[in-house]
Amino acid sequence: MADAAGRVCRGLQLLTGALAVALVAPGCQGFTKFKERVAEFRFSKSYEDARAEEKLAEAEGEFTAANYADARDKFKRLADNTGNPATLAERARFMQAECDRMQSNYPRAVDTYHRLLMDFPTGAHRREACARMFEISDYWLDDFRDEITTRTAAGEKGVMRWTPKWNNPLDKSRPFLVQEGRATEVLENIHTHDVTGPTADTALFWCGYVNFVRGNFDEADHFFSQLVELHPDSRWRPQAIAYAVQAKNNATGGAIYDGRKCAEALHLVQMAEATVPEITQDPAMAERMTRARFAIRFQQAEKDFETARFYERTGHPGSAVFYYELVRRRYAGTRYADLATERKEFLMRTIAEGRTPPGTDPIRVLQAKWDELMGRPNVVQPEALPTDAPTAAPTAPVRQPATLPGYNAAP
């Protein structure tokens, strides 16, 4: 009994040894595949694959045969293996994204194209990947264009705020949430990775236009200004200048805030009128620039006038007179210039009489009250402004075309 068991054990040992020798033998396909599986499992899919070129050819054959699901899995394994040559991995990643695109899984395709651009920023497929991303984002923006056309036809003007909506969760061609945001994100990535590409200027313009329509004037100003500065030969440049001027003027928040945006907008208007013939030769664009210039100057006049009123209110008549004179000289012909003239004459008269308004300075107010109590009034109360004085500067009108000229909306 013991001899029989020993013979069985020795037979199993010999069989195991023979199998090991067969696996270790040079050229054994079973051992090669076993090594690949072990390396893929234990070493984070990074190993030197001797059959990488062969696998790539097999995956491309699957792609040609329209077997996109299986081809995608093979391309993904090749691209994830960092031990493969860079050119092969780039090709595999691009083809992985192409498989997603052919299956109309556009959100996943866009993410894969972007990963390709991040891993291989100067690769051979960079421009082609950006072109594919632009086609997909343009397809997603069709819903935005249809919405703006419908709301404009219904008589809605000004800022058209975003309204939440959810796509069909079974539709893989669109993001389920925030489709508009995903589209602008993709367009911004296109310009980042291919700033000199054929679609870079159009991508910037649509990023700015979407933000402009939705009332995000700071973001719109950023994108339009980039287009004006980085793409002087773009067909979108004249319209981008006009939108940038309006975005800068509307982004200030009013005359009480920082006035540098207004100054930038005025400089841009002057530059456009001097160097962009498409604006000066088009009556509609020229009128738009003129209205924008008046809106900017009106807001600047209000800011300087309110500064003068602040100094007058706080009991600094000399500074108030200086700013009132500034308003008179800079903004002649405006309502603020007339008001500044009246206030300046009033202050000059009271200063000459030695009776200046105390303002809101508590020390001067107490002194004025004491002098009045002692029968020595030497101050005068400031006159009220006329009731028809403007209190807020009108902002540049927010207008947008229902359809942009010279652009084919179809992806």
Ranked packing of 199-209, 83-93, most packed first, by mean Cβ within 10 Å | 199-209, 83-93
Multiply the residue separation of Arg151 and Glu53 by 0.36 nm, subtract the distance between their alpha-carbon atoms, and state the gained length in nm to one decimal.
-> 29.9 nm
For Glu60 and Leu177, extending 7 Å from Cα along the Cα-Cβ vector and measuring point to point gives, in nm, a value of 4.1 nm
For Met348 and Glu287, what is the calculated FRET efficiency with R₀ set at 35 Å and r taken between the beta-carbons, to the nearest 0.05?
-> 0.30
Arrange Ser137, Ser104, Ser225 by Cβ neighbour counts within 10 Å, fewest through most, would you?
-> Ser104, Ser225, Ser137
Sorted largest first, extent of segment 244-299 alpha carbons per principal axis (Å) | 35, 17, 15
Any aspartates and glutamates with Cα under 17 Å of the Lys344 Cα? List them, leaving off those in the same chain fewer than 8 positions away.
-> Glu302, Asp304, Glu306, Glu312, Glu325, Glu353, Glu383
What is the distance, in nm, between label points placed 7 Å from the Cα along the Cα-to-Cβ direction at Phe294 and at Glu128?
-> 5.5 nm
Please arrange Ile241, Ile136, Ile256 by counting, for each residue, the other beta carbons lying within 10 Å of its beta carbon, fewest first.
-> Ile256, Ile136, Ile241
D_trans [Stokes-Einstein, Kirkwood Rh over alpha-carbon pairs] for segment 278-317, 25 °C, 0.890 mPa s, µm² s⁻¹ | 204 µm²/s
In whole angstrom, the spacing between the Cα centers of segment 57-82 and segment 201-265 equals 44 Å
The whole-number value in µm²/s of the Stokes-Einstein translational diffusion coefficient for segment 57-209, with Rh from the Kirkwood sum over alpha carbon pairs at 10 °C and 1.306 mPa s, is 95 µm²/s
Want the number for Arg335 to Tyr257: 0.36 nm per residue separation, take away the alpha-carbon distance, what's left?
-> 26.0 nm
Listed by chain and number, the aspartates and glutamates with an alpha carbon less than 20 angstrom from that of Lys165, same-chain partners under 8 positions apart left out, are Asp138, Asp142, Asp143, Asp146, Glu147, Glu156, Glu180, Glu185
When Leu326, Leu187 are ordered from fewest to most other Cβ atoms inside 10 Å of their Cβ, what list results?
-> Leu326, Leu187
Excluding residues on the same chain fewer than 8 positions from Lys172, give the aspartates and glutamates whose Cα lies under 13 Å from its Cα.
-> Asp100
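We did not get these values from a lab; they are worked out from the coordinates using the rules stated. Quantities reported herein were computed from a predicted structural model and do not represent experimental measurements. Ideal geometry is used to build each Cβ from the backbone, glycine not excepted, and the neighbour counts take in all protein chains shown.
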